Number of protein chains: 2
Amino acid sequence: MRLVIARCSVTYEGRLNAFLPIADRLLMVKADGCVAIHADGGAYKPLNWMNAPNRLEEDAKRWIVSNTKGETLTIDIEEILSDLTVELGDDPGLTKDGVEAHLQELLAAHPGEIEPDLELVRREYPTDIGPVDLLCRDTDGTAVAIEIKRRGEIDGVEQLTRYLARLELDPMLRPIRGVFVAQQIKPQARVLAESRGIGWVEVDYDALRGIESDELKLF
Amino acid sequence: MRLVIARCSVTYEGRLNAFLPIADRLLMVKADGCVAIHADGGAYKPLNWMNAPNRLEEDAKRWIVSNTKGETLTIDIEEILSDLTVELGDDPGLTKDGVEAHLQELLAAHPGEIEPDLELVRREYPTDIGPVDLLCRDTDGTAVAIEIKRRGEIDGVEQLTRYLARLELDPMLRPIRGVFVAQQIKPQARVLAESRGIGWVEVDYDALRGIESDELKLF
DNA sequence: AGGTGTATGTCGCAT
DNA sequence: ATGCGACGTACACCT
């Protein structure tokens, strides 16, 4: 990794055009060749950047970074204040422990928390446009497709709508209805779901975890 | 801005839990207090970060960054390889050109570039699931909803479809048709639009800007 | 503060 | 390569 502090101006031409007037900034060049230009604020996103793979042409006054997609980042350097290169080596990488996968597990184990007496048929029930999170049957024997999200927004309703259209073609499942499940569902998503005859349920992640741990205590 | 190269391990607890085993990394602390941990690859996104506002407690072995939302980033430092602090000052900021907002302005001023004699009724026409970019009337007096994107992809057609379904419920607007406008429209988006009876138009941003500047020359 | 749409989104995974 | 969904999305803008 190379870290250069320089007084520079920058032009990006690609997906849009952008220009940075002259100022002191950090130029970060990583081992994979990607370049990022940081100011002293504004969260982790750089002012300007160019992702790998790219080509870096460098002389004393100007760096030109370009890629095969026709994007170009031009850095005009007036003065270099610091120039540090370090070898970091490969990173072992990040391990994550998320909530959303766990939410699906919990609801698969307790579909009755979505609707009383709902019974699970299968998790990740396949369709030709992707798997439905949960396929269930209600007390009438009607098929119910469940889409689970951590946060319920319009996109999730669209997704469930597409699945329902596919599942409706299966005579074994028809007629099928859908329920959109999330920890919190935005008003617009509710409106859209209701306008399509799709049910929606907000579930409490902590309460579900509580049910789970209560059951564990029985053993 | 402070740039520390250190052999460290990192734990994040917040919206999810994440852990980074020990390795050499860049720790970047900006003037606004935000902290980012970078490996030597992987585009501009850091492995881990904490945005401002937050609190940084620092001793020789451990940095603890926490915010009021209950998120915590803990950096255990085994060895510091480099520690550089520089004053960059305020950045004059980025000027952008070619984003959707500007395209919408230009087309609102020149709806005839979408279709001859199209007339603007209102920009950002509200519906209960969000605003339509432009609402227009054609020469027949038929309402036309316009969705504008920089790049025309399927989700833009989906968005316009949702708006049309809502607007169709309004007797003052019914029957309404839609036109999807972008600088470039992907073949799949064209097919989807056509299959739904939605028109699509590619517009030339530079040409639109040309019209604008020609008009300015008249004064 | 909360809601909604945009992004040079980025990233990963499947086809 | 392209499409699609998730993201600790971040971010600006509006109510």
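The values are calculated or read from the model by the stated rules, or taken from the named source; none is laboratory data. Every value quoted in this text rests on a predicted model; they were computed, and no experiment measured them. Virtual Cβ from ideal backbone geometry, glycine too; neighbours counted across all protein chains shown.
Across segment A:109-152, the number of residues qualifying as within 30 Å of residue B:160 (Cα to Cα) and surrounded by fewer than 16 Cβ atoms within 10 Å (Cβ to Cβ) comes to 7. Of the residues contained in segment B:37-49, none is found to be within 16 Å of DNA strand C (Cβ to nearest atom), among the hydroxyl-bearing types (Ser, Thr, Tyr) and farther than 19 Å from residue A:48 by Cβ. Within segment A:198-212, the set of residues being among the small types (Gly, Ala, Ser) and touching a helix residue (DSSP H, G or I) at 6+ places or on another chain (Cβ under 9 Å) comprises A:199, A:207.
Looking only at segment A:10-18, decide whether some residue is away from DNA strand D (no atom under 16 Å from the Cβ) and under 24 Å from residue B:40 (Cβ atoms). The answer is yes, given that some residue of segment A:10-18 is away from DNA strand D (no atom under 16 Å from the Cβ) and under 24 Å from residue B:40 (Cβ atoms). Considering each of A:140, A:206 in turn, give the residue that is modelled with pLDDT of 90 or more and farther than 21 Å from residue B:192 by Cβ. Selected residue: A:140, the only one of A:140, A:206 that is modelled with pLDDT of 90 or more and farther than 21 Å from residue B:192 by Cβ. The residues in segment B:106-131 that are more than 14 Å from chain A (Cβ to nearest Cβ) and either within 16 Å of DNA strand D (Cβ to nearest atom) or not charged (D, E, K, R) (or both) can be counted, and the count is 16. None of B:30, B:45 is without any contact (Cβ under 8 Å) to a residue 12 or more places away in the chain, within 12 Å of chain A (Cβ to nearest Cβ) and of a type in the set (D, E, K, R) except B:45.
The set of residues in segment B:52-70 being buried (at least 18 other Cβ atoms within 10 Å of the Cβ) and within 12 Å of DNA strand D (Cβ to nearest atom) consists of B:54, B:65.
Residue-wise test of (1) closer than 23 Å to residue A:82 by Cβ; (2) within 13 Å of DNA strand D (Cβ to nearest atom); (3) in contact (Cβ under 8 Å) with a residue 12 or more places away in the chain; (4) surrounded by fewer than 18 Cβ atoms within 10 Å (Cβ to Cβ).
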position	(1), (2), (3), (4)
B:38	yes, yes, yes, no
B:72	no, yes, yes, yes
B:76	no, no, yes, yes
B:80	yes, no, yes, yes
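Taken together, the criteria place residue B:98 among residues that are in contact with a helix residue (DSSP H, G or I) (Cβ under 8 Å, 6 or more places away or on another chain), at positive phi, within 13 Å of DNA strand C (Cβ to nearest atom) and not acidic (Asp, Glu).
A count restricted to segment B:6-36 and to residues that are buried (at least 20 other Cβ atoms within 10 Å of the Cβ), among the small types (Gly, Ala, Ser) and closer than 21 Å to residue A:25 by Cβ stands at 1.
For every residue, the table says whether it meets (1) over 22 Å from residue A:110 (Cβ atoms); (2) hydrophobic (A, V, I, L, M, F, W, C).
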site: A:162; (1), (2): yes, no
site: A:167; (1), (2): yes, yes
site: A:174; (1), (2): yes, no
site: A:181; (1), (2): no, yes
site: A:188; (1), (2): yes, no
site: A:196; (1), (2): yes, no
site: A:204; (1), (2): no, no
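Residue check: residue B:150 meets all listed conditions (1) within 16 Å of DNA strand D (Cβ to nearest atom); (2) over 25 Å from residue B:188 (Cα atoms); (3) within 14 Å of chain A (Cβ to nearest Cβ) but one, namely (2).
Screening the candidates B:55, B:25 for the property of being free of Cβ contacts under 8 Å to residues at least 24 places away in the same chain, closer than 25 Å to residue A:87 by Cβ and more than 13 Å from DNA strand C (Cβ to nearest atom) yields one hit, B:25.
For segment B:188-208, filtered to residues that are within 16 Å of DNA strand C (Cβ to nearest atom) and within 14 Å of chain A (Cβ to nearest Cβ), the residue that is nearest to the chain's Cα centre (by Cα) is B:205. Checked against the criterion of being within 14 Å of another protein chain (Cβ to nearest Cβ) and within 15 Å of DNA strand C (Cβ to nearest atom), the candidates B:81, B:103 yield just one match: B:103.
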